[in-house]
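All remarks here apply to the structure that follows.
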Amino acid sequence: MNESFGEVVKYIPDDEVERLPELITRAQQQLFDVSVTKTTRYRFCPPYEGHYAFVDVVVRPFNQVSYPCFNVIVEYQLCCTTVDHDSHANDYFKVKIQEVYDTYIRPVQRKFDDGW
């Protein structure tokens with residue numbers, strides 16, 4: 001975990017991303033802490049057939065009445081133009097990003113199935 005520019009940066013290691021199928025099969029979550037005062041940026045790189053996506057999930061807290069709420073933004077960059085034009089790869093990465101969010105982050109329940 002690093003702190004820079006007023007935000008907390010947490011790296012989700014490759015082995016944690018690779019453990020997703022096991023955790024999902026057992027319906028287990030291993031949620032990381034989310035700051036209610038600072039922006040938290042989660043970074044990870046899911047693999048796909050020798051390629052990668054570089055992913056940032058940015059969680060920005062704000063207060064609504066007496067409880068914290070979160071604005072969540074997903075940003076990702078594919079490793080190369082070969083994958084950029086592969087619809088199967090793009091679909092795979094979207095599913096993997098959703099799985100990482102649901103298993104490790106999830107300050108609020110949200111689906112990223114449209115509006116990307």
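Each reported figure results from applying straightforward, stated rules to the coordinates on display, with no laboratory input. Predicted, not measured: the structure shown is a model, and the values here were computed from it. Counting neighbours? That spans all protein chains shown, and the Cβs are built from the backbone with ideal geometry, glycine included.
Got a sec? Charge dipole of the chain, +1 on Cβ for Lys and Arg, -1 for Asp and Glu; which of Gly50, Thr25, Thr39 is way out at the positive end? Of the listed residues, the answer is Thr39.
How much length is gained if the chain between Asp15 and Thr37 is pulled fully straight, taking 0.36 nm per residue apart and subtracting their Cα-Cα distance, in nm to one decimal? Walk me through the numbers on the way to the answer.
Values: separation 22, 0.36 × 22 = 7.92 nm, distance 2.87 nm.
That works out to 5.0 nm of additional length.
For the range 2-105, the relative contact order comes to 27 percent (Cα pairs under 8 Å, sequence separation of at least 6). Mind checking which of Tyr48, Tyr67, Tyr76 has the largest fluctuation in a GNM of the chain, springs on alpha carbons under 10 Å? Result: Tyr67 has the largest fluctuation of those listed.
Around the amide H of Val8, modelled in the peptide plane, lie the amide H atoms of Thr39, Thr40, Arg41, all under 5 Å away and 5 or more residues distant in sequence or on another chain.
Proximity of backbone amide H atoms, modeled 1.01 Å from N, is registered between Cys69 and Phe62, Asn63, Gln64 at under 5 Å, excluding neighbours fewer than 5 places apart on the same chain. Phi-derived couplings, Karplus 6.51 cos²θ - 1.76 cosθ + 1.60 at θ = phi - 60°, listed residue by residue for the range 10-19: 10, 9, 9, x, 4, 5, 5, 5, 5, 7 Hz, with x used for Gly and Pro.
Using only side-chain charges placed at the Cβ, +1 for Lys and Arg and -1 for Asp and Glu, the dipole size of the range 2-105 relative to its Cα centre rounds to 400 debye. For the range 69-111, the residues whose amide N sits under 13 Å from a probe point set 7 Å from the Cα of Gln29 along the beta carbon direction are 99-111.
Only helical DSSP H runs with n ≥ 4 go in: add -39500 (n - 2.57) per run for the chain, normalise by residue count and round the 222 nm mean residue ellipticity to 500 deg cm²/dmol.
Working: 4 runs with 29 residues, N = 116.
Helix contribution divided over all residues of the chain: -6500 deg cm²/dmol.
Whole-Hz Karplus values for the range 41-58 come out as 10, 9, 10, 7, 9, x, x, 8, 6, x, 10, 9, 10, 9, 10, 10, 10, 9 Hz, taken residue by residue from phi with 6.51 cos²θ - 1.76 cosθ + 1.60 and θ = phi - 60°; glycine and proline positions read x.
For Rg/Rh (Cα atoms, Kirkwood Rh), the candidate list reads (i) 1.25; (ii) 1.00; (iii) 0.97; the entry that matches the value derived from this model is (iii). I'd like to know which of Pro68, Val100, His85 lies farthest towards the positive end of the charge dipole of the chain, counting +1 on Cβ of Lys and Arg and -1 on Cβ of Asp and Glu. Going by the Cα projections, it comes out as Pro68. The Cβ shell under 14 Å around Leu23 holds other residues with a net charge of -2, Lys and Arg each +1, Asp and Glu each -1.
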